[in-house]
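Report on one structure; see the data block that follows.
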Amino acid sequence: MSCVRICMKKLFTKILPHELLFNLFLFITALRLWWMTGFSVNSVLYTLLPLVLAWYGYVFRNQWKWRLVIYFVVMNLVFGSLGTISPLINPQGKMDTLLQHWDNLLIGGNLSVWLTPYMRTWMTEILAACYMLFMIQLPVACIYYLFQPLKTAKGFYVGLFSLYAFGFMGYLLVPAVGPYLAMSDVFGGPIQAGPVMDFLHYMYPKGTNYTDVFPSLHCAVSLFILLFDSKYHKLRFWGYLVPCVGLWISTVYLRYHYTVDCLVGFVLAITMFLFAEYYMKHWEKN
């Protein structure tokens with residue numbers, strides 16, 4: 001056991017956990033692409049990307065800001081590509097019916113449907129604004145923690161991009177579009193909207209890859225950042241707390257997510273926060 005622990009410590013002084021997990025996701029996806037499509041642009045790109053990241057990590061092995069921030073860039077590039085590759089490796093199509101079934105088992109129905117009679121335009125406007133807060137919260141937190149002491153910066157990026165690795169795996173294992181499309185016939189019409197919701201409705205198709213439902217990374221990432229802020233930036237924690245709760249409600253209220261998506265997202269966020277704390281406490285000593 002001591003030999004295994006020594007090997008693990010040596011490994012994680014060379015390779016950060018999120019680097020290992022994110023590249024594992026890329027490798028698994030590359031294998032699935034080769035299996036389903038053979039030689040193709042996507043299978044080659046997903047094979048080359050881990051090699052490029054390994055080369056980049058070696059070149060910038062002691063320049064930590066560059067080594068950490070590259071995963072923010074790669075995460076956005078990969079997210080955009082998932083809409084193209086998901087149909088290639090998931091010929092069965094979307095799995096919204098499975099998520100609806102899980103919701104039925106958990107709560108006996110669909111929470112978005114239950115909320116429909118209580119919708120008000122003013123409430124929709126507030127929750128739409130909360131939903132879009134994510135697009136501010138994420139880059140602000142990534143920039144802020146990049147310039148914090150190295151131990152804190154590493155902990156944040158290790159936790160956040162390990163979370164993204166698991167989240168993207170979920171996207172490709174259980175591809176879905178969400179209730180607003182999969183259950184549109186059940187709602188009896190679109191949500192009554194004002195200018196804020198109209199703007200979100202216009203922008204949402206440009207920001208989704210139509211496979212980004214399970215787990216809810218809006219819930220997972222916002223909670224992870226909130227938990228990290230609760231320890232390392234209390235002022236921002238208190239400033240974001242209420243809007244984040246609004247964001248979580250909005251994911252179901254605005255019909256973008258199933259309840260199970262959010263619950264799994266919360267579990268993932270808490271797990272990755274604890275993992276980041278453990279990493280900073282134990283592995284950073286070495």
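Of the conditions (1) closer than 21 Å to G57 by Cα; (2) β-branched (V, I, T); (3) modelled with pLDDT under 95, V158 satisfies every one except a single condition; which number is it?
Unmet for V158, out of (1) closer than 21 Å to G57 by Cα; (2) β-branched (V, I, T); (3) modelled with pLDDT under 95: (3).
Among the residues of the stretch 12-39, which ones are modelled with pLDDT of 95 or more and either touching a His at 6+ places or on another chain (Cβ under 8 Å) or among the small types (G, A, S) (or both)?
Across the stretch 12-39, the qualifying residue is only A30.
Go through the stretch 105-120 and give me each residue that's surrounded by 12 or more Cβ atoms within 10 Å (Cβ to Cβ), of a type outside the set (F, W, Y) and part of a helix (DSSP H, G or I). Show your work before the answer.
Filtering the stretch 105-120 down to residues surrounded by 12 or more Cβ atoms within 10 Å (Cβ to Cβ) leaves 106-107, 109-116, 119.
Restricting the remaining residues to those that are of a type outside the set (F, W, Y) gives 106-107, 109-113, 115-116, 119.
Across the stretch 105-120, the qualifying residues are L106, I107, L111, S112, V113, L115, T116.
G167: surrounded by 20 or more Cβ atoms within 10 Å (Cβ to Cβ), under 20 Å from G265 (Cβ atoms), in contact with a Lys or Arg (Cβ under 7 Å, 6 or more places away or on another chain) and modelled with pLDDT of 95 or more, yes or no? Steps first, answer last, please.
On the way: surrounded by 20 or more Cβ atoms within 10 Å (Cβ to Cβ): yes; under 20 Å from G265 (Cβ atoms): yes; in contact with a Lys or Arg (Cβ under 7 Å, 6 or more places away or on another chain): no; modelled with pLDDT of 95 or more: yes.
In short, no.
If the Cβ limit is 8 Å and pairs must be 6+ apart or interchain, which residue in the stretch 130-147 that is in contact (Cβ under 8 Å) with a residue 12 or more places away in the chain pairs with which residue that is among the acidic types (D, E) and in a helix (DSSP H, G or I)?
From residues that are in contact (Cβ under 8 Å) with a residue 12 or more places away in the chain, the pairs are A141/D229.
Could you pull out the residue among F237, F214 that is in contact with a Gly (Cβ under 9 Å, 6 or more places away or on another chain) and crowded, with 17+ Cβ neighbours inside 10 Å? Before you say what the answer is, go through the steps one by one.
On the way: F237 fails: in contact with a Gly (Cβ under 9 Å, 6 or more places away or on another chain).
Among F237, F214, only F214 is in contact with a Gly (Cβ under 9 Å, 6 or more places away or on another chain) and crowded, with 17+ Cβ neighbours inside 10 Å.
Yes/no per residue for (1) crowded, with 23+ Cβ neighbours inside 10 Å; (2) over 18 Å from the mean Cα position of the chain (by Cα); (3) more than 22 Å from P117 (Cβ to Cβ):
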| position | (1), (2), (3) |
| --- | --- |
| L227 | no, no, yes |
| V242 | no, yes, yes |
| H257 | yes, no, no |
| V264 | no, no, yes |
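The values are calculated or read from the model by the stated rules, or taken from the named source; none is laboratory data. Please read these numbers as outputs of a predicted model, since none were measured by experiment. Positions of Cβ are backbone-derived with ideal geometry, glycine not excepted, and every protein chain shown enters the neighbour counts.
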